[in-house]
Amino acid sequence: VQDLVQHVKRKKKKGIYQEYEEIRKEPPAGTFDYSKKVSNQIKNRYSDVLCLDQSRVRLCPLNNEDDETSDYINASFMDGYKRSNAYIATQGPLPKTFGDFWRMVWEQMVLIIVMTTRVVERGRVKCGQYWPLEAGRTEDYGYFLVRNVHIEMFQDFKLSYLEIFNTQTGECREVSHYLYMSWPDFGVPKSASAMLDFRAHVKQRQESSLRTLYPDWMGPPGGPPVVVHCSAGIGRTGTFCTLDICLSRLEDIGTVDIKQTVRRMRTQRAFSIQTWDQYYFCYKAVIEYAQQTGLLQPVEWSDTELETDSE
Ligand code: PTR
Ligand code: PTR
């Protein structure tokens, strides 16, 4: 981590900005053919945010529909720290894709959904209301009935305990839905600590859900993928996952590599991390975390020190 602080000090804000620009200029690492199919276009929230064919999540085709199209959802598998497919990064579901979203959650045996956008921001719809908002309510989405069992409020986020009932098989499962409410519409949180607390909560819940709901889990270590989404599924989603990966590595071996983490992530979910301040936020948050956990001495540098032009 000390190296990371040196890196930021040396490069200053401008250098970090350039580092991000380099990443941003790299062309996407594959094709987007499935996302571009005419029958799939209506399933993308943004026509310029598509998913790479190589890492897309395939739904089990429905037997009453054409296979080519019924397996498509704008969602990508992403690796975590020492864990392949630790996350599914996806767009905020559209009313047309609510049923597909819940099919994916069911098929991938998802335990946790992390939502880092609000449904409406600055008067614009960023994501559909794809789960029942109030406790006690049940809604149906395609083959699934979803009930909001109860809601727990925290300062910066809201946790809904959901029950999903599969009307085709008669089975029922539990899923935790996290809604992070204090990420500003544009830009990044002022302080990283709320985000760090949020991440810790999600991480613990994934572990405890796995223990209690799938005690005999034989799949990959760490359990099923965590679904993470915002509006497009690249900006805030990428930032959250980058932080989670970097902090897990820091906890394990004491080092971080933000640049390589983001570059690698972009080969699985193109355009991950949308703005340079989201990128810079990752640096600040890792350093804040290292200080909180005592891996690093308290601040020996100020933000203004970084404003001055480097080199
Ligand atoms: N995609 C936009 C552009 O290219 O200008 C950038 C953008 C980033 C737009 C974030 C909206 C954003 O807001 P939010 O993350 O709140 O959806
Ligand atoms: N076409 C949209 C835009 O340019 O605004 C794409 C977009 C929207 C990209 C939101 C990123 C966005 O942010 P996030 O991934 O954080 O929801």
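Any chance you could list P(r) for segment 72-194, counting all Cα-Cα pairs in 5 angstrom bins from zero, rounded to whole %?
Values per bin, smallest distances first: 2, 10, 18, 23, 21, 15, 7, 2, 1, 0.
Could I get the Rg over Rh figure for the chain? Both from C-alpha atoms, Rh via Kirkwood, rounded to two places.
Taking Rh as the inverse mean 1/r over Cα pairs, Rg/Rh reads 0.97.
Could you give each residue of segment 261-277 its phi-based ³J(HN,Hα) in whole Hz, using Karplus coefficients 6.51, -1.76, 1.60 with θ = phi - 60°, and x for Gly or Pro?
Result, rounded to whole Hz: 4, 5, 4, 5, 4, 5, 7, 10, 10, 4, 6, 4, 6, 9, 10, 5, 6.
Could you give each residue of segment 202-215 its phi-based ³J(HN,Hα) in whole Hz, using Karplus coefficients 6.51, -1.76, 1.60 with θ = phi - 60°, and x for Gly or Pro?
4, 4, 5, 5, 4, 5, 6, 5, 4, 4, 7, 8, 10, x
I'd like the Karplus ³J(HN,Hα) series for segment 121-127: coefficients 6.51, -1.76, 1.60, θ = phi - 60°, whole numbers in Hz, and an x wherever there's a Gly or Pro.
The phi angles translate into 9, 6, x, 10, 6, 9, 6 Hz.
Please give the charge dipole size of segment 200-311, origin at the Cα centre, charges +1 on K and R Cβ atoms and -1 on D and E Cβ atoms. Round to the nearest 20 debye.
For this selection, approximately 740 debye.
Return the lysines within reach of LYS43: Cα separation strictly under 16 angstrom, same-chain partners fewer than 8 residues apart disregarded; answer none if there are no such residues.
Straight-distance partners of LYS43: LYS96, LYS126.
Quick query: amide H of ALA270 versus all other amide H atoms, modeled in the peptide plane; which residues come in under 5 Å with a sequence gap of 5 or more or a different chain?
Sorted by chain and number, the residues that satisfy this are LEU52.
What does the convex hull of the alpha-carbon atoms of segment 142-191 project to on average, in nm²?
Result: 4.8 nm².
When only DSSP loop residues count, what trypsin sites (Lys or Arg not before Pro) in segment 115-153 have their Cβ near at most 14 other Cβ atoms within 10 Å?
ARG122, ARG137
For ASP156 and THR169 in one chain, what is 0.36 nm times their gap in residues minus the Cα-Cα distance, to one decimal in nm?
Here the answer is 1.0 nm.
Laboratory data are not the source of any read-out in this text; all were calculated from the coordinates shown. Computed from a predicted model, the values in this text were never measured in an experiment. We place every Cβ from the backbone using ideal geometry, glycine too, and count neighbours over all the protein chains shown.
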